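The values are calculated or read from the model by the stated rules, or taken from the named source; none is laboratory data. Quantities reported herein were computed from a predicted structural model and do not represent experimental measurements. Neighbour counts are summed over all protein chains in view; Cβ atoms, including those assigned to glycine, are modelled from backbone coordinates with ideal geometry.
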Amino acid sequence: MLALALVLIACGRKEEARPGQTLLQQGVQKLEVRDYAGAAVLFKQYVEQSPNLTVALQAVYKAYMSQASRPYAQAYEFLVQYEPRAKEITVDIDRAGYYQVLGTLAFQAGRNDEYARWFEKALELDPNNHLAMNDYAYALAEEGRDLEKALRLIRRAIAIKSNIGAYHDTHGWVLYKLGRYEEALRELRIAVATAPDTADLRYHLAAVYAKLGRKDDALVELEKALALQPGHEPSLKLRQELTGGGRG
């Protein structure tokens, strides 16, 4: 599972009040009615007027990710345009946080030819950026490529931060993709115990149960996933495969 943070910069600086806040607020209003082009114009004015690029980009990122629609593609398109100015983010771990966000958003936006380079930049700047490790590993697992690398990445992340359910979910999902189902089961049980109210985690556990021939256990987890998120497409699809029934 991707652990998309609601902060752009690793150290989580709080935004400072400044006159440009009106532009930021107007941009948020545009987002709320899904006028993404209008929001981008206002956000660009806000960033250009801000004395601190780090804080300004953090604020815009939070504005995008606070939307229920999670406009990943629009957020990526906006934030990536400032990559030529990344050196203005002078603290390495902060710049790594920026690149981690670009990697995660690129993957979420379906830009699979772009996310790896941003994650690599993040880890070059901050080798302990466990969020980048997790999201990079998950992206690779979803694509089904470089799975041994994905396994190394997520194990490093868990060694740094072991109490995050999403990280154990990613570990289990990588193992699932490698066909190591019993190992995957152990990790996904940890993930679900840590974060039981997440549909993706329940679905992943169900997928492993299905591979192990434990159909009833899989269906129980799918029902829990769908109770949490009734329109969860992967769960609906797997339930249909297991039961031969419809989508209802």
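For segment 26-76, which positions are buried (at least 18 other Cβ atoms within 10 Å of the Cβ), outside any helix (DSSP H, G or I) and either in contact with a Leu (Cβ under 6 Å, 6 or more places away or on another chain) or at pLDDT below 95 (or both)? Result: Ser50, single match.
Looking across segment 112-128, the residues that are of a type outside the set (A, V, I, L, M, F, W, C) and either within 22 Å of Leu178 (Cβ to Cβ) or assigned to a helix (DSSP H, G or I) (or both) come down to Asn112, Tyr115, Arg117, Glu120, Lys121, Glu124. Of all the residues in segment 148-200, those that are part of a helix (DSSP H, G or I), of a type outside the set (A, V, I, L, M) and closer than 28 Å to Ala227 by Cα number 18. Taking first residues from segment 115-128 that are farther than 18 Å from Tyr72 by Cα and surrounded by fewer than 24 Cβ atoms within 10 Å (Cβ to Cβ) and partners that are of a type in the set (Ser, Thr, Tyr) and modelled with pLDDT under 95, no Cβ contact under 8 Å between residues at least 6 apart in sequence or on separate chains turns up.
The single condition among (1) modelled with pLDDT of 95 or more; (2) β-branched (Val, Ile, Thr); (3) surrounded by fewer than 24 Cβ atoms within 10 Å (Cβ to Cβ) that Thr170 does not meet is (3).
Could you say whether any residue in segment 221-228 is small (Gly, Ala, Ser) and more than 18 Å from Arg180 (Cα to Cα)? Among the residues of segment 221-228, at least one is small (Gly, Ala, Ser) and more than 18 Å from Arg180 (Cα to Cα), which makes the answer yes.
Selection within segment 129-147: residues that are touching a residue at least 12 places away in the same chain (Cβ under 8 Å) and in a loop (DSSP other than H, G, I, E, B). The member of this set that is nearest to the chain's Cα centre (by Cα) is Asn129. Taking segment 212-248 as the range and being in a helix (DSSP H, G or I), exposed (fewer than 15 other Cβ atoms within 10 Å of the Cβ) and not hydrophobic (A, V, I, L, M, F, W, C) as the test, the residues that pass are Lys215, Asp216, Glu223, Glu233, Lys237, Gln240, Glu241, Thr243. Within the set Leu2, Leu6, the sole residue that is out of contact with any Lys or Arg (no Cβ under 9 Å at 6 or more places or on another chain), modelled with pLDDT under 95 and under 19 Å from Gln74 (Cα atoms) turns out to be Leu2.
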